[in-house]
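The values are calculated or read from the model by the stated rules, or taken from the named source; none is laboratory data. This is a predicted model, so every value here is computed, not measured. Every residue, glycine as well, gets a Cβ built from its backbone with ideal geometry; the counts of neighbours run over all protein chains shown.
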Amino acid sequence: MLRLIAQRLGLGLITLWAASILIFVGTEILPGDLASAILQNSATPESLAEMRSELGLDRPAIVRYGEWLGNAARGDLGHSLASKRDVVEELSPRLKNTVFLAAYAAIIAVPLAVALGLMAAIWQGGVYDRLVNFVTLLTISVPEYLVGYILIKYLSVQMGWFPSLANVTPETPTLDRIYLTFLPVMTLVLVVVAHMMRMTRASVLNIMASPYIEMAFLKGLPKWRVVVRHAFPNALAPIINVIALNLAYLIVGVVVVEAVFVYPGLGQLMVDAVSKHDVPVVQACGLVFAAAFILLNMIADILAILSNPRLRHPR
Amino acid sequence: MTELEFLKQQHQDGRVSRREFLGRAAALGASAALVSTMLGSVEAHAAETPRKGGTLRLGLGGGSTTDSTDPTTWTDSVMVDAGRALYSGLVEWGQDGKPIPELAESWEIKPGAAEWILNLKKGVTFTNGKTFDADDAIYSINLHRGQTKSGAAGSFKVVKDVKKLNANQISITLDSGDADFAYVLTDYHMMIVPNGHTDWSKPVGTGPFTLDKFEPGVRFNGTKNANYWKAGRGHLDAIDITVINDTSARVNALVTGQVDAINRLDPKLANLVGKNPKLEIVRAAGGWHTVVSMMRDRPPFDNADLRLAFKWGIDREQIVKALFAGFGTVGNDHPIPKTDPYYNSSLPQFKYDADKAKFYAKKAGGTPTITIQASDAAFNGAVDMATLMQASASKAGLKVEVKKEPADGFWDNVWLKGPCVTSYWAGRSAATQMLSVAYGPDAPWNESHFKDPKFSELLLASRAELDETKRKAMIWELQAILHDEGATVVPAFRDWVDGHNKNVGGHTPHGGFDMDNGLIADKAWLKS
Amino acid sequence: MRLLGHRLTIPALIGLIIIALNVIAALGAPLIAPFDQADVVGDAWGDPDPQHILGLDNLGRDLFSRLIYGARMSIGLSFVITCLSFFIGVVTGFTAAVMRGWVDLGLSRLVDLLLSMPTLIFAFIILSVLGTDLPVLIITIAILDSVKVFRLARALAMNIAAMEYVEVARVRGEGLWWVITKEILPNAMAPLIAEFGLRFSFAFLFIAALSFLGLGVQPPDADWGSMVRDYRDMINLDSLAPLYPAGAIAILTIGVNFVVDWMLSIHSRSHGEGA
């Protein structure tokens, strides 16, 4: 068990390192550079050259990469080229916000999705199953910003129940935070529930065809009991995988929701940094995203193994 | 809204002069008594006494996580508006379009307009306690000269030397005479910082606020500078800026009362503000204009007749209507707005005319494909503008294609490189300045490769000319040359459109920039 | 009613009708649409009238006509992209599962690496460098999407490849291609079809997301995803404009998935009979 975790960790670190190279190469080959991205159309050749040398962009890429990797290993992610601020300092409050939003959404979405999925499996083919199927297909095919705009229009502008801005600050108390971020969280929940719910339903139904489930039915157990007690635990592996993918999305992919609700998360920082070619910030964000993804996948793998009785009780 | 009320609103917004208001109101058949009552209420509105105190909450678009309090790096609204809360300039661009004293109390122009003497205000202290003097002014000017990354470097190229005459007097020598140099000093980059200041994480200025919290791209909080020097300004206790780049989110924040004022009100959403009894639109016509710049020395744009065919083949009215929902005016292929005192009103207006377009296309000897390279990185709506041009020009028999370029790297790889590219200008305070930076002999951003000896000579002469009548004639001529022979198409000027809660006072329209030319933190107050 | 020898359920019938209508719209766009997609026929956001049944768009073009032309661009693009990404993902995924060892390790790590990058930004970098021509756009999105298909395909094939009959085939000396197409694909078809139904609609939204970065479909061509994006602010003014293209995407998604569900039920029934 421990060996397995160690092995996964090692693989994860290698992937992370490869990711850092990929991100660096990516930002290097992007057309345009920081100096002109910042100055836009007030750039003159002289002001560009001056800004480039000030930012150290005139040194070879490999030297900059080597330096950065060495420092990153020591926990120093460098300074933003644009704002000169410490990247770690710039990143950490936003990372906290991103994790808060993702966790808040996950706490609501995961149980909801699993419950809805199980119910759909129990009443397979019924009116409820059809209705849920229809609604979830609808929510995945509407872009998240439109969902956000509609929520703002009705719950904020017309009813006045929730604020349209989720502009939290580090000083905002937790209770206020929960209230302020309610609409973005609802938007995210609507976006991710569908996928997880559909996978829960499909996996459970897949297991329902197994002989031992038929055994359970023959014993005279009610259908909900068979689904919840017998089928669900055995269908966990694919469900956990999809949940991990969606959690990763909640951390990595919420740029649009951040923009609509003016939420200071990591996504907006990354997009700004990419468009301004602020390499240290892009790389730091990229590393954080890659790490989050790799970590979640690792946990999913391990949980999937734990959920499998044959692996849980090796004999 | 009746027409009379509309007029009243226009007058209140500063779009219609008092005389014009009186004349047009009379023409509408309003009685003299009614007109004077209305005028009274308007002017009372304008002359309302500012109230002290309170926190003004602004929701501003145009911010980024790469923003800095270093004035040389500013390009967008959030830092221009926030910067004005921290710093003061030497010369302010007044409401009436004239330069007015700020930290430069007065100035003297030597004959030929190549030497300027600035008398600096005494007894002003920075937020770190230092007293403002000539060294600070010289240091601050030099931030934009020579080896600099400043966005104002182009405008300050003309400065040959800055000398200290005494503790409160400096002289500025220019390469060539420029009677409008005071306008260069109103540039939003030209903020005063203490001599030798380099640590931009701790800004020091003489503005109405001191920095409290600054998270680039997220928020900016300032608290009242207790030693603020400007009389009749700086009414607020605190300023609270939230960066809201999404247009809908900005309007919704104003509608739901989470902010008191917003900039860049999307014209198509203006009704959400206009119809709300608690809110108000603040609108100012100004020099912001869109351009499609064709390079005059590259085929097919070296063909003057083809350029004319294109100029007559695009529908400017349609662009103003669709892109700006009417919050703008058509352009006439020169960069001087109607609000400028030197605007040439005698030039024939280009408008969509299929016959003329066909005539010039025939004269040009064919219709080669014109490819417009467009990107919303240029300005929001650039691709739509090019698409509209394509639609109308094809109706007039021209072949136009739109190539949407990636937003990233647009300024680097496409702008100033492609032969026909969308772009914009925020405008300049003085007509000669605007003509110099984009069309002059050493123009740093000569988008259309416009080189014309007669134009250059006339431009230099007009800059140094102190006689108003002669000057006006020259600047009119310059516009006429661009209109007829220029390769830059200026389809439209866009108004600056802000919105605010009626509780906000002193937020007046200004043609220079959004939010009262960035001075909202300095000039506005809360009524309750 | 029956199709391909199987009884057609009501949802499946609805799904087929939706798909048929969309295909007709896509193929016959110039005949059906009352105006050309590039024609400016009035003022921006003009109200609906008998001639322009859904009103006008942000530039004064007929919204209904653009919706019809958008079907052509959106459905065509999404279909090609999804097919391509399934082809790449399934072939590499099956290969990894059958070959095992270094091939599997290498491909899986590479896929993990690509997955760990934010897709949008990755696409942004590639398209900025390679340009935004339609073929480049299609191939880029397809490759990025195929990574997700790879994982599913590999997981499915892993189980199947462990079956005795596949091992027998390998020992018999059958080639990789034969094993993939004859042994694995038929047995992994059901989950792959289900995934196809969802991925197909994700492609619409992804094209729109790219258009936000100034990449994607060139003007004046219409595509549904970008139409939603261009009209989105109008929701604040009680305008239905953004809901038409969004609804078009949603209805097609639902239609496709109804048919997919029906195919799945046929599949499981025909397989279930033996069990």
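Things worth noting here:
Every residue, every condition in (1) among the hydrophobic types (A, V, I, L, M, F, W, C); (2) within 11 Å of chain C (Cβ to nearest Cβ); (3) touching a Ser or Thr at 6+ places or on another chain (Cβ under 6 Å); (4) without any contact (Cβ under 8 Å) to a residue 12 or more places away in the chain, yes or no:
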{"residue": "A:N246", "(1), (2), (3), (4)": "no, no, no, no"}
{"residue": "A:F261", "(1), (2), (3), (4)": "yes, no, no, no"}
{"residue": "A:F289", "(1), (2), (3), (4)": "yes, yes, no, no"}
{"residue": "A:M298", "(1), (2), (3), (4)": "yes, yes, no, no"}
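- Evaluated against (1) within 11 Å of chain B (Cβ to nearest Cβ); (2) within 18 Å of B:A374 (Cα to Cα), C:R232 falls short on exactly one condition, (2).
- Test result for B:F156, farther than 29 Å from B:M434 by Cα and either within 12 Å of chain A (Cβ to nearest Cβ) or buried (at least 17 other Cβ atoms within 10 Å of the Cβ) (or both): no
- Within the range A:130-171, the set of residues being closer than 28 Å to B:G257 by Cα, modelled with pLDDT under 90, under 23 Å from the mean Cα position of the chain (by Cα) and among the polar types (S, T, N, Q) comprises A:N167, A:T169.
- One residue from B:L482, B:L460 being hydrophobic (A, V, I, L, M, F, W, C), surrounded by fewer than 23 Cβ atoms within 10 Å (Cβ to Cβ) and either in contact with a Lys or Arg (Cβ under 9 Å, 6 or more places away or on another chain) or in contact (Cβ under 8 Å) with a residue 40 or more places away in the chain (or both): B:L460
Each row is one residue, and each column tells you yes or no for (1) among the acidic types (D, E); (2) farther than 24 Å from B:L398 by Cα; (3) crowded, with 21+ Cβ neighbours inside 10 Å.
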site	(1), (2), (3)
B:I241	no, yes, yes
B:D246	yes, yes, yes
B:G257	no, yes, no
B:I262	no, yes, yes
B:L269	no, yes, yes
B:P277	no, yes, no
B:V291	no, no, yes
B:A309	no, no, yes
B:F324	no, yes, yes
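- Screening A:M197 on (1) closer than 14 Å to A:F100 by Cα; (2) surrounded by 14 or more Cβ atoms within 10 Å (Cβ to Cβ) shows it passes everything except condition (1).
- Out of C:R61, C:R2, C:R66, one residue alone is within 24 Å of the chain's Cα centre (by Cα) and more than 30 Å from C:A153 (Cβ to Cβ). It is C:R66.
- Every residue from the range B:172-220 that is polar (S, T, N, Q) and part of a loop (DSSP other than H, G, I, E, B): B:S176, B:T186, B:N195, B:T198, B:S201, B:T206
- Those residues of the range B:123-153 which are assigned to a helix (DSSP H, G or I) and either away from every other protein chain (no Cβ under 14 Å) or more than 22 Å from the chain's Cα centre (by Cα) (or both), in sequence order: B:A134, B:D135, B:D136, B:A137, B:I138, B:Y139, B:S140, B:I141, B:N142
- Scope the range A:175-221; condition in a loop (DSSP other than H, G, I, E, B) and within 14 Å of chain C (Cβ to nearest Cβ); matching residues: A:A209, A:S210
- Criterion (away from chain B (no Cβ under 14 Å), part of a loop (DSSP other than H, G, I, E, B) and free of Cβ contacts under 8 Å to residues at least 40 places away in the same chain) met by exactly one of A:G125, A:G160: A:G125
- Residues of the range B:395-405 include at least one that is within 14 Å of chain A (Cβ to nearest Cβ) and farther than 23 Å from B:A285 by Cα.
- Residue in the range B:408-433 that is nearest to the other protein chains (Cβ to nearest Cβ), counting only those that are among the polar types (S, T, N, Q) and under 23 Å from A:V274 (Cβ atoms): B:N413
- Filter result for C:L59 (under 26 Å from C:V260 (Cβ atoms) and touching a residue at least 12 places away in the same chain (Cβ under 8 Å)): no
- Test result for C:L59, crowded, with 23+ Cβ neighbours inside 10 Å and part of a loop (DSSP other than H, G, I, E, B): yes
- Residue that is farthest from A:P211 (Cα to Cα), among those in the range A:228-274 that are of a type in the set (G, A, S) and in contact with a Gly (Cβ under 9 Å, 6 or more places away or on another chain): A:A259
Residue by residue, here is whether (1) more than 27 Å from A:V271 (Cβ to Cβ); (2) more than 11 Å from chain A (Cβ to nearest Cβ); (3) of a type in the set (S, T, N, Q); (4) touching a strand residue (DSSP E or B) at 6+ places or on another chain (Cβ under 6 Å) holds:
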site: B:T206; (1), (2), (3), (4): yes, yes, yes, no
site: B:K213; (1), (2), (3), (4): no, no, no, yes
site: B:K230; (1), (2), (3), (4): yes, yes, no, no
site: B:G234; (1), (2), (3), (4): yes, yes, no, no
site: B:D237; (1), (2), (3), (4): yes, yes, no, yes
site: B:T242; (1), (2), (3), (4): no, no, yes, yes
site: B:Q258; (1), (2), (3), (4): no, no, yes, no
site: B:I262; (1), (2), (3), (4): no, yes, no, yes
site: B:N271; (1), (2), (3), (4): yes, yes, yes, no
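- Considering (1) assigned to a helix (DSSP H, G or I); (2) within 13 Å of chain B (Cβ to nearest Cβ); (3) of a type in the set (A, V, I, L, M, F, W, C); (4) under 30 Å from B:E401 (Cα atoms), the lone condition that C:A208 does not fulfil carries the number (2).
- Single residue of the range B:143-158 satisfying the filter (of a type outside the set (S, T, N, Q) and without any contact (Cβ under 8 Å) to a residue 24 or more places away in the chain) that is farthest from B:W116 (Cα to Cα): B:G146
- Lone unmet requirement of (1) more than 16 Å from the chain's Cα centre (by Cα); (2) in the same structural domain as B:A231 (by TED's automatic domain parsing) for B:G518: (1)
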